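Okay, so here's the structure we're looking at.
The values are calculated or read from the model by the stated rules, or taken from the named source; none is laboratory data. If you're wondering where the values come from, they're calculated on a predicted model, not measured in any experiment. Because the Cβ atoms are built from the backbone with ideal geometry, glycine has one as well, and the counts that use them run over all protein chains shown. Just so you know, the surface numbers come from the protein's heavy atoms only, side chains and all, with ligands and any DNA or RNA stripped out. Shrake-Rupley method; radii C 1.70, N 1.55, O 1.52, S 1.80 Å.
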Number of protein chains: 2
Amino acid sequence: MFTIHGMRASGNCYKLQCLLDMLGTPYRWVDVDSAHGATRTPAFLALNPNGKVPLLVLDDGRRLAESNAILCFLADGTPYLPADPWKRAVTLQWMFFEQYTHEPAVAVARFIRMWLPADHPRQAELPTLLDKGGKAFDVMEDALARDAFFSGGDFGVADIALYAYTHCAADGGFDLSRWPRVVAWLERVRAQPGFTPMLT
Amino acid sequence: MFTIHGMRASGNCYKLQCLLDMLGTPYRWVDVDSAHGATRTPAFLALNPNGKVPLLVLDDGRRLAESNAILCFLADGTPYLPADPWKRAVTLQWMFFEQYTHEPAVAVARFIRMWLPADHPRQAELPTLLDKGGKAFDVMEDALARDAFFSGGDFGVADIALYAYTHCAADGGFDLSRWPRVVAWLERVRAQPGFTPMLT
């Protein structure tokens, strides 16, 4: 059975819960409070030297880090990761976009507003993060004029990856009503069979 | 024939040149000076609304962004992307590590030192970037105690992705002699058949 080390309120960790519930795959969940240092302990660093959740552990002890790499591994051979080479490439394109352009703005704004004190110096990063995150949503809004979903046109792991922090972007101070196609896409993701919301 | 829009001195763009030269695949290269605004023109934004290079364009007009997604697309079915599901997962793990943890520190430090004036306010980011980049090299050094390469143990696209900005990390102020296994791995990458260095 798969074991996931993760924090329930982390979008990166929720991605795996979301996919595994859609697949109906049983798994063990080990809570790791990454917001309060639990990923920097010697015990956790022995599991993942990069000190991050989520982490997938197989029964034989093999370990895999990076939420989007885990999504692809779990979805391989299922309809959630296209077999067609071009559609698979487009799926990966959006997953790298999510980790490089979207998450470092949208998730970090949420982290600062939800977990740091109101007088923390990192609050000063918020205007820049709101600008960068808004540009990421612009790119998504543009793509949604042509396709209903991000995983090569169909629903799949790129949608799960992008849903994770887009659906809770208001926590970071974003007003998603500026991106109506993004709002409609969020509804389409929530309508997928087996969808379960993020626990917060 | 593949067309690559890119900037020669960009590590993200060099990744594609490196793989295509190893594969012996012919391609067209369109120079885009992203350091001086050429990715923000209306003409380029019509090609890639995210305003970034590299961009792959197929003969039929289809376009693919994100360097590591392009690497996987070009390497699919070749020895540079493992067919084994676990090795492929590990390869993707390192490619997401590269874009999320490594590149935003190592490449950005290089950009600030190489392209911004000495009195630019972003020079103040360098100490933080050197610390974060050093931690990324620590994680690579740890992994290289067990494996010779990052693409599921063998040489492949994860090595090309990580080589791109590691080999020129001195440009950003890193002293790679602190990570001897990383230095030895760079040499092993350079010894691969068909390897061509980055033009700077």
### Pseudo-label separations to other copies for A:P79 - Cα-to-Cβ vector, 7 Å, nm
3.9
### For region A:160-200 versus region B:142-191, the gap between their alpha-carbon centres in whole angstrom
38
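With +1 on each Lys and Arg Cβ and -1 on each Asp and Glu Cβ, how big is the dipole of region A:85-190 about its Cα centre, in debye rounded to the nearest 20?
So the dipole magnitude of region A:85-190 works out to roughly 140 debye.
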### Message
For region B:85-112 and region A:36-105, what is the centre-to-centre distance using only Cα atoms, to the nearest Å?
### Response
12
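Go through B:22-28, A:19-25 and give me the packing order, highest mean Cβ count within 10 Å leading. Kindly include the intermediate steps, with their values, before the conclusion.
Working: B:22-28: 12.6, A:19-25: 16.1.
Going from most to least packed, we get A:19-25, B:22-28.
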### Task
Could you pull out every residue, at least 5 positions away or on a different chain, whose amide H is within less than 5 Å of the one on A:A38? Hs are placed 1.01 Å off N in the peptide plane, and Pro or chain starts have none.
A:D33
### Query
So, with +1 on the Cβ of K and R and -1 on the Cβ of D and E, and no other charges, what is the size of the charge dipole of the protein assembly as shown about its Cα centre, to the nearest 20 debye?
160
## Note on the structure
Between B:R146 and B:M114, the two model label points (7 Å from Cα along the beta-carbon direction) sit apart by a distance in nm of 3.2
### Query
Tally Lys and Arg at +1 and Asp and Glu at -1 over the other residues with C-beta under 12 Å from the C-beta of A:N48: what net charge comes out?
+1
### Summary
So, over other residues within a Cβ distance under 15 Å of A:V57, counting Lys, Arg +1 and Asp, Glu -1, the net charge is 0
### Query
With point charges of +1 on the Cβ of Lys and Arg and -1 on the Cβ of Asp and Glu, referenced to the Cα centre of region B:85-190, which listed residue (B:F155, B:F96, B:A136) lies farthest in the positive direction of the dipole?
B:F155
### Average beta-carbon neighbours from other chains, 10 Å sphere, peptide A:56-67
3
### Virtual spin-label span in nm between B:R188 and A:T196, 7 Å along Cα→Cβ
4.0
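Let me make sure I get this right: for the protein assembly as shown, a, b and c are the square roots of the gyration tensor eigenvalues over alpha carbons, sorted descending. Under 1.5 in a/c it's rounded, otherwise prolate if a/b > b/c, else oblate. Which is it?
rounded
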### Query
With each pseudo-label sitting 7 Å past Cα toward Cβ, what's the A:A83-B:R8 distance in nm, one decimal?
4.4
### Task
Using Cα positions and a limit of under 16 Å, work out the lysines in reach of A:K132, with same-chain residues fewer than 8 apart set aside.
B:K52
## Note on the structure
In debye to the nearest 20, the charge dipole size for region B:2-75, taken about the Cα centre with +1 at each Lys and Arg Cβ and -1 at each Asp and Glu Cβ, equals 140
### Message
7 Å along Cα→Cβ for the label point: how many nanometres lie between B:A170 and each equivalent label in the other copies, listed shortest first?
### Response
5.4
### Query
Which shape class applies to region B:1-84: rounded if a/c is under 1.5, otherwise prolate when a/b exceeds b/c and oblate if not, where a ≥ b ≥ c are the square roots of the Cα gyration tensor eigenvalues?
prolate
### Query
Ballpark to the nearest 100 Å², how much total accessible area do B and A bury together, probe 1.4 Å?
3000
### Query
Where a ≥ b ≥ c are the square roots of the eigenvalues of the C-alpha gyration tensor, would you call chain B rounded, which needs a/c under 1.5, or, failing that, prolate if a/b is larger than b/c, or oblate?
oblate
### Query
Tally Lys/Arg at +1 and Asp/Glu at -1 over every other residue whose Cβ is under 15 Å from the Cβ of A:W86; what's the total?
-2
### Task
Only loop residues by DSSP count here, and only those with at most 12 other Cβ atoms within 10 Å; note down the chymotrypsin sites (Phe, Trp or Tyr not before Pro) in region B:62-160 that meet that.
none
